[in-house]
Amino acid sequence: MKRLGILHIADLHCSGAGSGGVVGDVKDETVSDVLASELTYKDAQDVFFRGAQNLFRKEPVDVIACTGDLGQGAYPETLRLGVLYLAKLADKLGVKREKVIVAPGNHDLCRDADAGEELSEFIRACRKAGFKCAERTKPACLSIKGVPMVALNTCLGGTEHAFHGLPDSFWNAAVSSVRQMELLGRDTTMGLPADLRAQLEAMDIPAIGWSQLDSMLRHLNKAKANCAVVVAHHSPTPTPNIEVRPYGLLVDSGPFIFGLMEGGRRVLLLHGHAHCDSALTAQTPQAPEPGFIATIGSRGLHGNGGAKVSHVQLLITEDRNFLMAVVSRFEQQGSAFHRMESFYIWDSPGSAVQVELDLDKLDRNHQYLFSEIANALGVPGDESLADRLLRLSNRRQLSVTNITNSHKKWIVTRIG
C-alpha cells in the first residue's frame, strides 16, 4: 500500500506587513529590500507557519497544493509575499519546491488589466520559486507515487473563454441571449448597458477552456493509476457561499466533470475561492467501471481566526488503484491550529474488485489487531491483506480504525 499526503492550502490573501514573527531569513539574497521590511506575517499565516511541523508530525506531506489567491488584489508585493510564504513553508516541512503545485486565483489577476501582465508576473514568481504552476492555457502536470496531479487556471484572462478585450459585437450578442431568456427586460438595440458591462468586466468568469481540458485528459489518460488529484481555484459544483455568486462557478463545468470521471477514474478535486468548507461526491455506480469525483473546499489561510487548511492522505494499492482518502481539517483557534474531525472518501461500493477472505473465521463484534487478523484468516500479514481489509470495510463488512497509521497498528472488527 502506498500513501500520498497532500497539504491543501487555499486563499492566503497575503496583504503585507503584520504583527507576527519573521518567516525565513530576511538576508536571503532572493528577498528584495522591499520584501525584507515586509517579511512578516500576521494572524493565520504566522500562526500556521509556527505550528506546521508539530501539526504534521504524524501526517505525511509529500506535496503542497495551493488553490490560489496567494496575494490580494493582484498587487505585485502581495503576490511575492504569497509565493515567498509557500516557499518557506515547503522548506520547513521538507517538501521539495517542484512538489508545490499552484493554481492561480482571481486575486492573482488584476481585474482591469488590458494585457494580463499580472498573470505573467505571477507565473514568473512561481517559476522562480521552483513551483509547478498552471499557466494561461497550459495546466501544470506531475505525478507523485504514480498518482497524476493537475493544476488548472480557471480565472479570467487565463483561457480562450476570457471576456476582456472582446468586441462590441460579442457584448451585443450576449445581451440578445440574455433578452431571449427574459432575464433582461431592455431594448437590445441599445447594446449592453454600461453598468451591466462594467459589472461583467469586474467579475471573474471562471472557465477552463478546451486547451487545458485536452492537456489535462492526455496527462490523466497516460497514467496507470485509476485515480487523480486536480487542483483549481474555482469549484465546478455549487458551494454554500452565496457571496461568491455569480462568478463562483465554472462556465464549462459539464465537460470538465464528465471528462474527469471518464473510464471509471476516481478524482479528488481541491478548490478554494468560496471561503467556506464544502464537499460533494458524485459517483457513476452503473458504469462498467464505477468512478467518482469528490470536491473538497476550505475556508482558507487568512484572517484573524477561523482559518482552515486540509490534509488529504490518499491510500492506493501497489498497482496504483484507489483504496480510500482520509481528509483531516485543521482550524485556527486563537494562537494555534487544532485538528478537527476527519472524514473518509471510500471507493465506489460497486467496484468489481474481488476480495477473497473467509470472514466466517472471525468472531463478530470482536476487535482484532492486524497481526491477529492475519493469524485468524491464515494469510500473510502484508500490504495485500491491508488492501483487502479496506475494501471490505468500504462494503460495511468490517470496521477498521487507526487507518491513518501503519496497517500494523490497525484494529479490525467484523461487523455483527
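Quick notes
- Residue match in region 350-366 (condition: of a type outside the set (S, T, N, Q), without any contact (Cβ under 8 Å) to a residue 12 or more places away in the chain and either touching a helix residue (DSSP H, G or I) at 6+ places or on another chain (Cβ under 6 Å) or surrounded by 12 or more Cβ atoms within 10 Å (Cβ to Cβ) (or both)): no
- Selection status of residue 260, touching a strand residue (DSSP E or B) at 6+ places or on another chain (Cβ under 7 Å) and either assigned to a helix (DSSP H, G or I) or under 24 Å from residue 210 (Cβ atoms) (or both): yes
- Residue 119, sole failed condition from (1) of a type outside the set (S, T, N, Q); (2) modelled with pLDDT of 85 or more; (3) within 19 Å of residue 150 (Cβ to Cβ): (2)
- When residues in region 68-90 are screened for being touching a residue at least 12 places away in the same chain (Cβ under 8 Å) and either acidic (Asp, Glu) or surrounded by fewer than 17 Cβ atoms within 10 Å (Cβ to Cβ) (or both), 4 of them pass.
- Test: residue in region 51-67 that is in a loop (DSSP other than H, G, I, E, B), in contact with a helix residue (DSSP H, G or I) (Cβ under 9 Å, 6 or more places away or on another chain) and either surrounded by fewer than 17 Cβ atoms within 10 Å (Cβ to Cβ) or at pLDDT below 95 (or both): yes
The values are calculated or read from the model by the stated rules, or taken from the named source; none is laboratory data. As the structure is a prediction and not an experimental result, all values here were calculated from the model. Neighbour counts run over all protein chains shown; Cβ positions are idealised from the backbone, glycine included.
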